[in-house]
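The values are calculated or read from the model by the stated rules, or taken from the named source; none is laboratory data. Only a predicted model underlies this, so the values are computations on that prediction, with no experimental measurement involved. FYI the Cβ positions are ideal-geometry reconstructions off the backbone, even for glycines, and counts take in every protein chain you see.
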There are 2 protein chains.
Amino acid sequence: MTEGTVVTEGRFAPIDHAARIRVIQSMLARGGHGCDALFVTDLVDIRWLTGFTGSNAQVVVRRDDVALYTDGRYGERALAETAGSGARIVAESQRARLDERVDAELASATCVGVDDRSVSHAEWGRLASRFAVAPLASLVKVQRQVKDAAEVERIAAAAAAADAALAEVEPILMGTVDDPVTEADVRTELEYRMRLHGADDRSYDTIVASGPEHAARPHHEPTRRTIVDGDTVIIDVGGLVDGYHSDMTRSYVIGDATGEQADLYDLVDRSYRAGVDALRPGVDAAAVDAAARRVFVDAGYGDWYLHGTGHGVGLEIHESPFHSSASLEAIHAGNVVTIEPGLYRVGFGGLRIEDLFVVRDDGPQRLTHTVTHTPTR
Amino acid sequence: MTEGTVVTEGRFAPIDHAARIRVIQSMLARGGHGCDALFVTDLVDIRWLTGFTGSNAQVVVRRDDVALYTDGRYGERALAETAGSGARIVAESQRARLDERVDAELASATCVGVDDRSVSHAEWGRLASRFAVAPLASLVKVQRQVKDAAEVERIAAAAAAADAALAEVEPILMGTVDDPVTEADVRTELEYRMRLHGADDRSYDTIVASGPEHAARPHHEPTRRTIVDGDTVIIDVGGLVDGYHSDMTRSYVIGDATGEQADLYDLVDRSYRAGVDALRPGVDAAAVDAAARRVFVDAGYGDWYLHGTGHGVGLEIHESPFHSSASLEAIHAGNVVTIEPGLYRVGFGGLRIEDLFVVRDDGPQRLTHTVTHTPTR
C-alpha cells in the first residue's frame with residue numbers, strides 16, 4: 001500500500017472488496033443470467049467492487065478470476081487501491097493494446113453480460129463486434145443498495161462534517177440583516193468548512209436558495225443575491241468521505257416568520273414525519289412517497305410539491321432505491337436513504353426538510369443531526 | 001430574466017444562443033445528414049445551445065423551431081436561462097407525460113438524429129421504439145470546438161481566479177519546511193480562494209501531488225501527506241466561471257533542487273516550448289503531441305511521459321480537440337487548448353508544466369499567467 005490511500009487510514013474499518021467480488025462471482029456462478037463473464041464499465045460499480053478510484057477502468061469478472069484494465073496513468077494507483085481485492089491489474093498506455101488484452105481474456109467466454117444502461121449505444125456496437133455481449137442489469141448496483149457497517153461509518157462521518165460546518169455558518173446566515181451575506185458566500189463557507197471538519201469534499205453542489213424566487217426552485221444554484229429580512233432560505237448540503245456521500249436540508253426564515261411561513265414550515269415538518277414513519281424494511285418505496293405527499297395534498301398544497309420524497313445515498317448521491325410516486329422499488333434493511341419533502345411557490349419562496357437515515361429492522365436510524373430553530377410567528 | 005442569472009450579470013458579454021441555434025438549424029436544413037430533426041440529450045450540448053444549466057433536459061431542434069423538455073423542478077429556471085435563445089419550454093412533472101409531448105413533437109419527423117455516443121444502449125432502444133432514430137455525431141460538439149469572444153472572456157476570468165489563488169497559496173506551500181502543510185491543505189486553500197477571487201467553483205478536482213510516489217502519478221488526488229523538503233510538487237488547478245473551465249499546472253521543488261530535479265525541470269520546459277511552437281491553425285493535433293514528445297524521447301525519457309500533450313477546454317474540462325499520438329483531429333483558430341508535458345517516475349516524483357491557450361491565426365495567446373520560480377541547483 002502506498003501513501004495514496006492514507007486519507008482514511010485508521011479512521012474507518014477497512015472495506016472488504018474480496019468479499020464483494022465473491023458475492024458477484026457466486027451470482028454469476030448460479031448461472032441465472034446465462035453469462036459466464038461480466039464486463040463492468042461503470043466507474044462507481046468498479047470502485048465498489050475493487051476500490052479503484054481512477055477515471056478510466058474496465059473490469060472483467062469470471063467465476064474464478066477478476067481483472068481490472070486501465071491506462072498507463074493509473075497502473076501504480078490501481079495496484080495500491082485494489083490490493084485487498086484480489087483483482088489482477090492490467091495497465092496499457094495504448095487504447096488498442098488494452099482492447100486486445102480484454103478481447104484475449106473474453107475470447108473464451110460464451111456470453112459476456114454488460115449493463116446496457118451504463119454503455120453508450122455506440123460503445124455497445126463496438127463491444128458487440130468484439131465478443132458475445134448480452135444486456136444484463138448491473139448485478140453490482142443491486143448489491144450496492146444494501147450498505148455494510150464500514151459504509152455507514154463513512155456516510156455518518158460525511159454527515160458529521162456537514163453538521164459541523166452548518167453549525168458554524170448558521171450564525172453568519174442569520175446575521176445577514178446586520179452583516180449582509182450572499183447565497184454564494186454561505187455556500188463557499190459551508191464547502192470550505194466541511195473540509196476543515198474532515199470531509200474530503202462536498203457531496204454535491206451545495207444549494208443555498210433564498211427569497212421569493214430562488215427558494216421556489218428545488219435545485220437552485222447559489223448566486224450573488226444578498227439574503228435579506230423576510231426571506232425563506234433553503235440550505236441543502238452534504239459531505240464526501242472516502243467516496244461516500246451525505247445529504248441534508250435545513251430551511252430558515254430570516255427575521256420574524258409570517259403566519260404563512262410558520263404554518264407552511266409546520267406542514268413540511270408534518271410531511272417529513274409522515275415519510276419517516278413510513279420508512280421501514282419491506283415497504284414499497286412509492287408508499288413512502290405517498291405518506292409524505294398525502295399530508296400536502298390533504299392541506300391543499302399538493303401542487304407545491306415538485307419532486308419525489310427521497311432516494312438512496314452511497315457512492316453516488318442519487319442511487320436506488322428512489323421513493324417517488326412512480327417507483328417500483330422496495331425499501332430494504334441496510335438502505336441509506338433521504339426523506340426530503342418541500343413546498344415551493346414563486347412569490348412565497350420555499351421550505352424543505354431533509355434527513356438521511358439507515359433503514360434498520362426496528363426502524364430508521366438518523367445520520368444527520370443539525371438542530372434548527374423552527375420558524376415561529 | 002430572474003435573479004437566477006445574476007452571477008455573471010454585467011461581468012461578461014452575453015452569449016448569443018439564438019445565433020448558435022440558427023447555425024445548427026442551417027446545418028440541419030442543408031440536409032447532409034438526411035434528418036429533419038435533432039434530439040439532443042447531452043446536457044453540455046444543451047447548455048451551449050440554449051443556456052439551460054439544469055440536470056434534466058432534452059432538446060428537439062427542427063429547421064424552424066427549438067423546444068426544450070424538462071421536469072417540474074426546472075420549469076422556472078429553464079424559462080429564465082433560455083430567454084434569449086428562442087427555445088420553447090415544455091415542463092412536465094411526470095416522465096410519461098413528458099415522453100408523450102416529445103413523441104407528439106417528433107411524430108411528423110421522417111428521421112431524428114441522435115448522438116449515439118451520448119445515449120446509453122438501453123435508452124437508444126427506448127427512443128427507437130418511439131420514433132425513427134438515426135445515429136448522428138453531435139453537430140453541436142463540432143461547433144463547440146471553436147470559441148467565440150464571449151467564451152474566451154469567461155475562460156480567461158476562470159484562469160485569472162486560479163492565478164490569483166495560486167499566488168496566495170505558493171508561499172504557504174514553499175513554507176512547509178517551517179510550517180508543515182499537507183497536500184489536502186494546499187488543495188482546500190486553492191479551491192476556497194479561487195471563489196474569493198471570482199470563480200463560481202473549481203474547474204475540476206485540484207491535483208496537489210508531492211514527493212517520490214504521489215508526484216509520479218499524473219492524476220493523483222490530494223491526501224493528508226505532509227509536503228517535505230526535497231519533494232517535487234505538481235499543482236494542477238483551474239477555475240470555473242459561468243460554466244467555462246480553465247486549466248493550469250505548475251511544478252515546484254521544496255528547498256534546493258538537486259541536479260536531476262533541475263535538469264528534468266529544464267527538459268519539461270523545453271518540451272512545453274516545443275508544444276507551444278507547434279500549436280497553430282491547420283496542424284494535426286497529433287503533430288502538436290509529437291513535437292513535445294520528441295524532446296523527451298531524444299533525451300531518453302520517452303517512457304517517463306505517461307499521457308497526451310493536451311486537450312480542448314470549454315464547457316467541459318476535457319473536450320475536442322485532443323492532441324495525443326493517436327488523435328485524428330486538427331487544430332483550428334478559436335480552439336482553446338492546453339499544452340501540458342510532464343515526466344513521472346516513482347522514486348523521483350514528477351514535474352509538469354501546463355498552460356491554456358486560445359489559438360489565433362498569428363499564434364497561440366496564453367490565458368494562464370502564473371509565474372513560477374524555476375528550480376535551480
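Residues in segment B:171-221 that are more than 25 Å from A:D185 (Cα to Cα), in a loop (DSSP other than H, G, I, E, B) and out of contact with any Leu (no Cβ under 7 Å at 6 or more places or on another chain): B:D178, B:D179, B:P180, B:A215, B:A216, B:R217, B:H219, B:H220, B:E221.
Keeping to segment A:286-304, report how many residues are touching a residue at least 12 places away in the same chain (Cβ under 8 Å) and under 18 Å from B:S93 (Cα atoms). Of the residues in that region, 9 qualify.
The residues in segment A:20-66 that are surrounded by fewer than 17 Cβ atoms within 10 Å (Cβ to Cβ) and not in a loop (DSSP other than H, G, I, E, B) can be counted, and the count is 5. Please determine, by comparing only the residues of segment A:335-363 that are crowded, with 20+ Cβ neighbours inside 10 Å and aromatic (F, W, Y), which one is nearest to the other protein chains (Cβ to nearest Cβ). Among those residues, the one meeting the criterion is A:Y344.
Applying the condition of being touching a helix residue (DSSP H, G or I) at 6+ places or on another chain (Cβ under 9 Å) and aliphatic (A, V, I, L, M) to segment A:311-334 and asking which residue is surrounded by the fewest Cβ atoms within 10 Å (Cβ to Cβ) yields A:L328.
Residue pairs whose Cβ atoms lie under 6 Å apart, separated by 6 or more positions or on different chains, with the first residue in segment B:43-70 and within 13 Å of chain A (Cβ to nearest Cβ) and the second of a type in the set (K, R), are B:T53/B:R47; B:G54/B:R77. With the condition kept exactly as written, say whether any residue in segment A:248-255 is more than 12 Å from chain B (Cβ to nearest Cβ) and surrounded by fewer than 20 Cβ atoms within 10 Å (Cβ to Cβ). Yes, segment A:248-255 contains at least one residue that is more than 12 Å from chain B (Cβ to nearest Cβ) and surrounded by fewer than 20 Cβ atoms within 10 Å (Cβ to Cβ). Within segment B:293-310, being assigned to a loop (DSSP other than H, G, I, E, B), more than 30 Å from B:K141 (Cα to Cα) and either in contact with a helix residue (DSSP H, G or I) (Cβ under 8 Å, 6 or more places away or on another chain) or in the same structural domain as B:A137 (by TED's automatic domain parsing) (or both) holds for B:A299, B:Y301. When you check B:G300 against the structure, is it surrounded by fewer than 19 Cβ atoms within 10 Å (Cβ to Cβ), under 22 Å from the mean Cα position of the chain (by Cα) and at positive phi, yes or no? No; evaluated as a whole, the condition is false for this residue. A:V276 meets the conditions (1) crowded, with 22+ Cβ neighbours inside 10 Å; (2) under 20 Å from the mean Cα position of the chain (by Cα) in every case but one. The failed one is (1). Please verify whether B:L166 is in the same structural domain as B:R11 (by TED's automatic domain parsing) and in a helix (DSSP H, G or I), treating the condition exactly as stated. It is false that B:L166 is in the same structural domain as B:R11 (by TED's automatic domain parsing) and in a helix (DSSP H, G or I). For A:E151, the criteria (1) closer than 30 Å to A:H17 by Cα; (2) charged (D, E, K, R); (3) touching a helix residue (DSSP H, G or I) at 6+ places or on another chain (Cβ under 6 Å); (4) away from chain B (no Cβ under 13 Å) hold in every case but one, which is (3).
The residue of segment A:195-212 that is farthest from the other protein chains (Cβ to nearest Cβ), among those that are closer than 19 Å to A:A167 by Cβ, touching a residue at least 40 places away in the same chain (Cβ under 8 Å) and surrounded by 24 or more Cβ atoms within 10 Å (Cβ to Cβ), is A:S203. Against the condition at pLDDT 95 or above, surrounded by fewer than 24 Cβ atoms within 10 Å (Cβ to Cβ) and aliphatic (A, V, I, L, M), how does B:A215 come out, does it pass? The answer is no for B:A215.
The single residue among A:R73, A:R126 that is outside any loop (DSSP other than H, G, I, E, B), buried (at least 20 other Cβ atoms within 10 Å of the Cβ) and of a type in the set (K, R) turns out to be A:R73. Taking the criterion of being of a type in the set (V, I, T) and over 28 Å from B:A80 (Cβ atoms), the only residue of segment B:91-111 that qualifies is B:T110. The single residue among B:V146, B:V140 that is outside any helix (DSSP H, G or I) and out of contact with any Pro (no Cβ under 7 Å at 6 or more places or on another chain) turns out to be B:V146. Within segment A:90-118, restricting attention to residues that are within 14 Å of chain B (Cβ to nearest Cβ) and of a type in the set (A, V, I, L, M, F, W, C), which residue is surrounded by the fewest Cβ atoms within 10 Å (Cβ to Cβ)? Per the criteria, the residue is A:A96.
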